[in-house]
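Everything on this sheet refers to the single structure shown next.
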Amino acid sequence: MKVLHTSLECYPLAKVGGLGDVVGSLPKYLTDLDCITEVVMPFFDNEKINHLSFEEVYSGALDLGKNTFDFSIKKVLSKDFGFQIYLVHQKELLYRPNVYSYEDDTERFLGFQLAVLNWLLDTEIKPDIIHCHDHHTGLIPFLVSQVNKYNSLIDIPTVLTIHNAQYQGQFSYDKLDYIPQFDLHNIGLLDWDHCINSLATGIKCAWKVTTVSPTYMDELQHQANGLEGLLSHEKAKCVGILNGIDQDIWDPKTDPMIVHNYGAKNIISGRKANKEWLCKEFNFDVDKPLFAFIGRLVYEKGADLLPDIISEALERLDVNILILGSGDSTVESRLEELKEYFPGSYNTYIGYDEKLSHIIYAGADFLLMPSRVEPCGLNQMYALRYGLIPIVRSIGGLKDTVIDIGDNGFGICHNHVSIQDVYYSIKRGVEFYEDQKYYRKTQKEILKIDHSWNNSAAQYIELYKSLK
């Protein structure tokens, strides 16, 4: 069986969030299960991609309204990724330093999808499954099933994975001419709330729809940014499959990014060495419990409440707090300002640093995830892999992966996104940390939890087989 994943992100070549991690690791585990797995993504103008070696395997053109764009397909020659990667090189639309946030993103995403399908039309060995990720590739199921030009691809099953339903890729009907000719009687497949909605279209047209955790699938029936009714209607073809993590990359025994490697036998000394580095770097007292946040500073992550949560905690508790992330400029400014009020107890790194994130997983004592929306969440799985206790809101994949210590579990959970709820959870963390025997025992136990892709990849294989 041959599966082609279409995605805007794939770690380590392009990553903005969890999508990049998933597409960079799931194909490797599928390949280990004797599934021929390939990824096609844009050729971005970044250092990691530009330094690769390629072989051009196809050149063609795509029509976007009245404009025609030449493109090529580059085959990555490196074998280091564990699966084959192809890159769509299109200078005007795709060859840019950033993945998202351009004014012409609609044109960019649609151009990428058209280029992929134009390539597939001319390939001798076609995939058995086209697996699409998020709204950026959500029009592919419509294009292969409705557009006359792609009629020869109509029998290839399509799978759409929703990583985050908050982002849907809507655009107005004045861009309808970007889509090649199809039977206009079926224009309703494109429509949602009086515009073309890429994610809604994918949900309607894909053979199967998956989400990144079972709980998130249930939640989408009631909270999906306007798509609740559609997802309820299409429920029969929807399934939640929990994401995994690449345990070859995320392994404290071998991780080259952390200060000191460790396993179950030397977890105390290993984590202590990483914590000491963090405390020296950010001017913390190593004897205090260290709480950390890693992620995008956006509303969905509860980041708008972080400044008030931090103030409440540091005024009342003897703890250290470290923030690593970027996003909303107002939140960033408020977090930076707090450094003046709590020197020696609080610090922040505005931006993203992959190495620093690994050291935080290996050295902090608690990870804060006060998310409003968390389809799956990978940070809590990374945390568990490194013996870091997660403090999470019980929602989406966080609910599926973290059990509260009050229920004989290994994390701290709260039900609401509020200053008081998170503060109370931090206070519980301090009390937990003070019982060092129990705390250390829990750290050793969570190292054994298996959140690799092995089980999830097997579920995807079964899903693929059901479509053939």
Got a sec? Which of Leu388, Leu356, Leu378 is touching a helix residue (DSSP H, G or I) at 6+ places or on another chain (Cβ under 9 Å), within 21 Å of Asp246 (Cβ to Cβ) and surrounded by fewer than 21 Cβ atoms within 10 Å (Cβ to Cβ)? Leu356
Selected residue [touching a strand residue (DSSP E or B) at 6+ places or on another chain (Cβ under 6 Å) and not polar (S, T, N, Q)] from Ile360, Ile403, Ile419: Ile360
Under 19 Å from Lys272 (Cα atoms) and out of contact with any His (no Cβ under 7 Å at 6 or more places or on another chain): is that true of Asp365 in this structure? yes
Quick check on Lys437: is it in a helix (DSSP H, G or I) and surrounded by 14 or more Cβ atoms within 10 Å (Cβ to Cβ)? no
Does Asp191 satisfy being surrounded by fewer than 17 Cβ atoms within 10 Å (Cβ to Cβ), under 21 Å from Asp105 (Cβ atoms) and of a type in the set (D, E, K, R)? yes
Restricting attention to segment 316-353, which residues are of a type in the set (Phe, Trp, Tyr), under 12 Å from Asn283 (Cβ atoms) and either within 30 Å of the chain's Cα centre (by Cα) or not assigned by TED's automatic domain parsing to the domain that holds Arg428 (or both)? Tyr346
Looking at segment 233-258, I want the residues that are closer than 26 Å to Val209 by Cα and have a partner that is assigned to a strand (DSSP E or B) and modelled with pLDDT of 95 or more with Cβ atoms under 6 Å, at least 6 apart or on another chain. Which pairs are those? Lys237/Lys208; Lys237/Val209; Cys238/Val209; Val239/Thr210; Gly240/Thr211; Ile241/Thr210
Single residue of Ala224, Ala236 found to be among the aliphatic types (A, V, I, L, M), in a helix (DSSP H, G or I) and not assigned by TED's automatic domain parsing to the domain that holds Lys339: Ala236
State whether one or more residues within segment 426-435 are in contact (Cβ under 8 Å) with a residue 24 or more places away in the chain, hydrophobic (A, V, I, L, M, F, W, C) and under 28 Å from Val212 (Cα atoms). yes
Restricting attention to segment 78-119, the residues that are assigned to a helix (DSSP H, G or I), more than 22 Å from the chain's Cα centre (by Cα) and of a type in the set (Asp, Glu) number exactly 1
Tell me, please, whether a residue that is touching a Lys or Arg at 6+ places or on another chain (Cβ under 6 Å), assigned by TED's automatic domain parsing to the domain that holds Phe366 and either free of Cβ contacts under 8 Å to residues at least 12 places away in the same chain or within 22 Å of Ala362 (Cα to Cα) (or both) can be found in segment 292-306. yes
Against the definition (touching a residue at least 12 places away in the same chain (Cβ under 8 Å), surrounded by 17 or more Cβ atoms within 10 Å (Cβ to Cβ) and closer than 20 Å to Ala383 by Cβ), how does Ala264 come out, yes or no? no
When the residues of segment 453-468 are filtered to those that are among the hydrophobic types (A, V, I, L, M, F, W, C) and under 14 Å from Val159 (Cβ atoms), which remaining residue is farthest from the chain's Cα centre (by Cα)? Leu467
Inside segment 239-261, can you point out the residues that are part of a loop (DSSP other than H, G, I, E, B), within 30 Å of Thr158 (Cα to Cα) and among the hydrophobic types (A, V, I, L, M, F, W, C)? Ile241, Leu242, Ile249
Looking only at segment 63-77, count every residue that is touching a strand residue (DSSP E or B) at 6+ places or on another chain (Cβ under 8 Å) and outside any strand (DSSP E or B) and tell me the total. 1
Among residues belonging to segment 1-49 that are in a loop (DSSP other than H, G, I, E, B) and among the acidic types (Asp, Glu), point out the one that is surrounded by the most Cβ atoms within 10 Å (Cβ to Cβ). Glu9
Could you tell me whether Ile309 is in contact with a Leu (Cβ under 7 Å, 6 or more places away or on another chain), surrounded by 16 or more Cβ atoms within 10 Å (Cβ to Cβ) and aliphatic (A, V, I, L, M)? no
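The values are calculated or read from the model by the stated rules, or taken from the named source; none is laboratory data. Small disclaimer: the values here were computed from a predicted structure and weren't measured. Here the Cβ is made from the backbone with ideal geometry for all residues, glycine too, and neighbour counts use every protein chain on show.
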